[in-house]
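Rule-based calculations on the coordinates, nothing more; no lab input. Here the structure is a predicted model, which means the values were calculated and not measured. When we count neighbours, we look across all protein chains shown, and the Cβ atoms used for this are built from the backbone with ideal geometry, even at glycine.
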Amino acid sequence: MDDIGDSILPARDFVAHTDLACFESDPRTHDAVPRCLEIISEASRHVSPEAEARHPEPPWKQIADASPRGAAMRCAEARAASASTGIAPRRSAMGSSRPSAMFASVSVGSAPPRP
C-alpha cells in the first residue's frame, strides 16, 4: 500500500492544471504518469483481501488492469475465451496500453489510509 500512496501524489502533481493535449505533448509527463500508474497498478495486485475489505472504495480490479501488463492480461483472457467459444473477442475487451488511454482510464482519488 505504501507504493500506491507514494505514486498517487506525483501522478497528481504531473497532471495538475494540465489538459490532455498538454499531457500528450510533454514527453516527460507523458512518460512519468504512465510509470506512476504502472507502479500503482502493480502494487494493487498485491493488496491483501483484508486490506481490500477495509478499503472497498478504490476500484481494485480497474486499477490492476490499468497498466500495459493489465492490458496484456485482458488480451490473453479475451483470446483464451475466443479459442474456447469460437467467438472473436471484442476490441474493447482487449484494452489499451497507450499512455493517454491509461491516463483517462483510472480516476486517481485520494490515497487509501496507510495501515
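In this rough spin-label picture, where each label sits 7 Å from Cα along the Cβ direction, the A80-R35 distance is 3.2 nm.
Can you tally the net charge around P10? Count Lys and Arg as +1, Asp and Glu as -1, for every other residue whose Cβ sits under 14 Å from the Cβ of P10. Working shown, then result.
Details: positive: R12, R28, R35; negative: D2, D3, D6, D13, D31, E38.
Once positives and negatives cancel, what remains is -3.
Under a Cβ-Cβ cut-off of 10 Å, what is the net charge of the residues other than I39 that fall near it, where Lys and Arg count +1 and Asp and Glu count -1? Walk me through the numbers before you get to the answer.
Values: positive: R35; negative: D3, D6, E38, E42.
Its environment carries a net charge of -3.
Look at S82, S48 and count the other Cβ atoms within 10 Å of each Cβ; fewest to most, that gives S48, S82.
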